[in-house]
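The values are calculated or read from the model by the stated rules, or taken from the named source; none is laboratory data. For clarity, every value in this text was computed on a predicted model and none was experimentally measured. Cβ sites come from the backbone with ideal geometry, for glycine too, and all protein chains shown count toward neighbours.
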Amino acid sequence: MCKVVFYTRAYNSEKYIRQTIESVLSQTEKDVRLHIRNNGSTDSTGEIIREYAKKDSRVTFQENKINGVLDEGQTTETPYIESEYVSFLDSDDYIEPNYVEEMYNVAKKIDADIVVCGTTMFMENNPSQKGTRIPPQICTVNMKDVNKDFIALYGSLRPFWGKLFKTEFYFKYEPQIRKDSKERKITNGLDTYFSLNFMKKCNAFASINKALHNYRIRDKSAYHTNIDPYRIKVGEILFYEACAYLKQTEDLNIDNISFLIQVFWAHIKDLIELILLQQNISSDKKLEFLECVLKNELFCRYTSIWENVDIELFEFFGKCVEKAVEGDSEEKLQANREFYIYRLYETYKKIGKNEDEQLFLDIVSSLHSKNNVYMWGAWLLFRDYQNAPDWFLGFKNMSKENIINIIKEV
């Protein structure tokens with residue numbers, strides 16, 4: 001039985017796989033193994049892996065026909081290799097020479113289920129552009145102590161890499177967690193889902209306030225190219241998973257909830273930015289995505305719909321709409337009116353400048369749209385405007401109930 005087994009999955013990683021393998025084999029702690037799953041690579045990745053397997057018996061591998069999940073061509077599940085701990089390493093990342101030595105030593109102090117270290121993140125095309133994510137120093141068998149500084153720790157909890165898992169602990173809970181993730185259709189965000197659910201089962205935890213893992217940020221990663229509206233829902237799922245974890249140790253307080261809401265909003269903003277940058281996606285798909293955000297229950301629950309709405313937030317979506325339709329022809333812009341979010345923001349820009357009663361109809365139709373589940377933009381009816389038409393200002397004196405009834409009747 002070795003001390004640590006690393007598991008790596010590789011697909012067309014010829015550019016970086018040598019550095020990944022070397023970083024494991026050159027550890028100051030030599031009692032390690034590396035198992036690589038070659039996921040149908042079409043470049044020289046497989047040859048490089050086989051080269052190292054011949055030279056060093058600590059390297060083993062398996063071949064899959066395609067780059068997919070288990071149900072789409074993987075030959076076997078993660079094989080069980082006898083070890084005290086397991087760790088996961090992406091095929092384009094690498095670890096520091098003392099990664100195992102430091103992580104393993106602190107793990108043995110308390111027989112830890114999970115050990116976490118910090119990460120250095122750098123851009124693929126500009127390695128000098130770096131950032132670090134460092135967790136607080138923790139070593140405890142009291143999980144309530146872990147969450148005293150949850151906000152500082154969370155960034156290091158989310159990824160699956162940069163961790164040691166006790167082997168028996170990992171293989172005991174992994175099958176059920178994986179099954180649950182498939183039932184909830186989680187692909188992007190899977191690392192965080194796994195990590196949070198393992199933390200729910202953890203009884204002894206340690207973290208090291210050193211960056212021992214190196215993460216290469218690549219523009220062509222799945223995160224940056226797969227823009228599925230369901231990723232909005234995944235962000236919500238992860239929010240509630242984090243809340244459930246905190247609830248176990250009675251640490252679900254207002255500070256932690258506010259922090260998790262900020263994390264969720266950062267996730268949403270990232271998705272919006274990614275889809276708006278995609279030149280091969282039509283404006284109607286982009287507008288549809290924005291509407292999906294605005295009918296997300298978590299987003300609207302923590303966004304005041306009727307009053308005290310952050311004008312910057314409202315205008316942020318206005319700028320997103322403008323970006324989404326940038327370059328559209330007049331004919332296409334007219335077709336975009338089928339989306340309530342486009343009608344709403346086009347109307348918003350005209351209030352106070354145009355007394356056309358069509359503005360009223362556009363606002364009402366936007367609020368009454370079946371896709372505008374939470375009536376995004378209803379607060380417009382309460383805002384003070386200079387030079388706004390009388391029919392518009394009249395809404396300020398109406399109750400919310402009366403306005404809702406008017407909207408429903410139109």
> Within the bounds of segment 308-329, is there any residue that is of a type in the set (Val, Ile, Thr) and farther than 30 Å from Phe360 by Cβ?
Replying inline: no
>> Which condition from (1) in contact (Cβ under 8 Å) with a residue 12 or more places away in the chain; (2) out of contact with any Cys (no Cβ under 6 Å at 6 or more places or on another chain); (3) surrounded by fewer than 20 Cβ atoms within 10 Å (Cβ to Cβ); (4) over 15 Å from Pro79 (Cβ atoms) is the one that Asp31 breaks?
In response: (2)
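Filter segment 249-258 for residues that are of a type outside the set (A, V, I, L, M) and surrounded by 15 or more Cβ atoms within 10 Å (Cβ to Cβ); which is farthest from Asp149 (Cα to Cα)? Lay out the reasoning, then the answer.
To start, the set of residues in segment 249-258 that are of a type outside the set (A, V, I, L, M) comprises 249-251, 253, 255-256, 258.
After this cut, where a residue has to be surrounded by 15 or more Cβ atoms within 10 Å (Cβ to Cβ) as well, the list is 249, 251, 256.
Values: Thr249: 13, Asp251: 10, Asn256: 10 Å.
The selected residue is Thr249.
Residues are listed down the side, and each one gets a yes or a no for (1) among the aliphatic types (A, V, I, L, M); (2) assigned to a loop (DSSP other than H, G, I, E, B); (3) at pLDDT 90 or above:
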| site | (1), (2), (3) |
| --- | --- |
| Ala53 | yes, no, yes |
| Gln62 | no, no, yes |
| Asp71 | no, no, no |
| Thr76 | no, yes, no |
| Ile81 | yes, yes, no |
| Glu84 | no, no, yes |
| Ser87 | no, no, yes |
| Ser91 | no, yes, yes |
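Step by step: first the residues of segment 144-180, then only those that are of a type in the set (S, T, N, Q) and either modelled with pLDDT under 95 or in contact with a Gly (Cβ under 9 Å, 6 or more places away or on another chain) (or both), then the one that is farthest from Ala266 (Cα to Cα). Which residue is that? Spell out the reasoning first.
We begin by selecting, within segment 144-180, every residue of a type in the set (S, T, N, Q); these are 147, 156, 167, 176.
In the following step, the residues that additionally are either modelled with pLDDT under 95 or in contact with a Gly (Cβ under 9 Å, 6 or more places away or on another chain) (or both) were identified as 147, 156.
Working: Asn147: 22, Ser156: 16 Å.
Here the residue is Asn147.
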> Of all the residues that make up segment 337-370, how many are at pLDDT 75 or above and either in a loop (DSSP other than H, G, I, E, B) or among the basic types (Lys, Arg) (or both)?
Replying inline: 7
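Here is a yes/no grid of residues against (1) of a type in the set (S, T, N, Q); (2) farther than 24 Å from Asn67 by Cα:
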{"position": "Val4", "(1), (2)": "no, yes"}
{"position": "Thr8", "(1), (2)": "yes, no"}
{"position": "Tyr16", "(1), (2)": "no, no"}
{"position": "Ser26", "(1), (2)": "yes, yes"}
{"position": "Ser41", "(1), (2)": "yes, no"}
{"position": "Thr45", "(1), (2)": "yes, no"}
> Does segment 209-233 hold any residues that are in contact with an Asp or Glu (Cβ under 9 Å, 6 or more places away or on another chain), among the aliphatic types (A, V, I, L, M) and at pLDDT 90 or above, and which are they?
Replying inline: Ala211, Leu212
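Given the options Glu14, Glu47, Glu51, Glu102, name the one that is within 21 Å of Ala206 (Cα to Cα) and surrounded by fewer than 23 Cβ atoms within 10 Å (Cβ to Cβ).
Numbers: Glu14 fails: within 21 Å of Ala206 (Cα to Cα); Glu47 fails: within 21 Å of Ala206 (Cα to Cα); Glu51 fails: within 21 Å of Ala206 (Cα to Cα).
Every option except Glu102 fails the conditions.
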>> So for segment 62-69 (the condition being surrounded by fewer than 21 Cβ atoms within 10 Å (Cβ to Cβ), touching a His at 6+ places or on another chain (Cβ under 8 Å) and within 22 Å of Asn12 (Cβ to Cβ)), does at least one residue qualify?
In response: yes
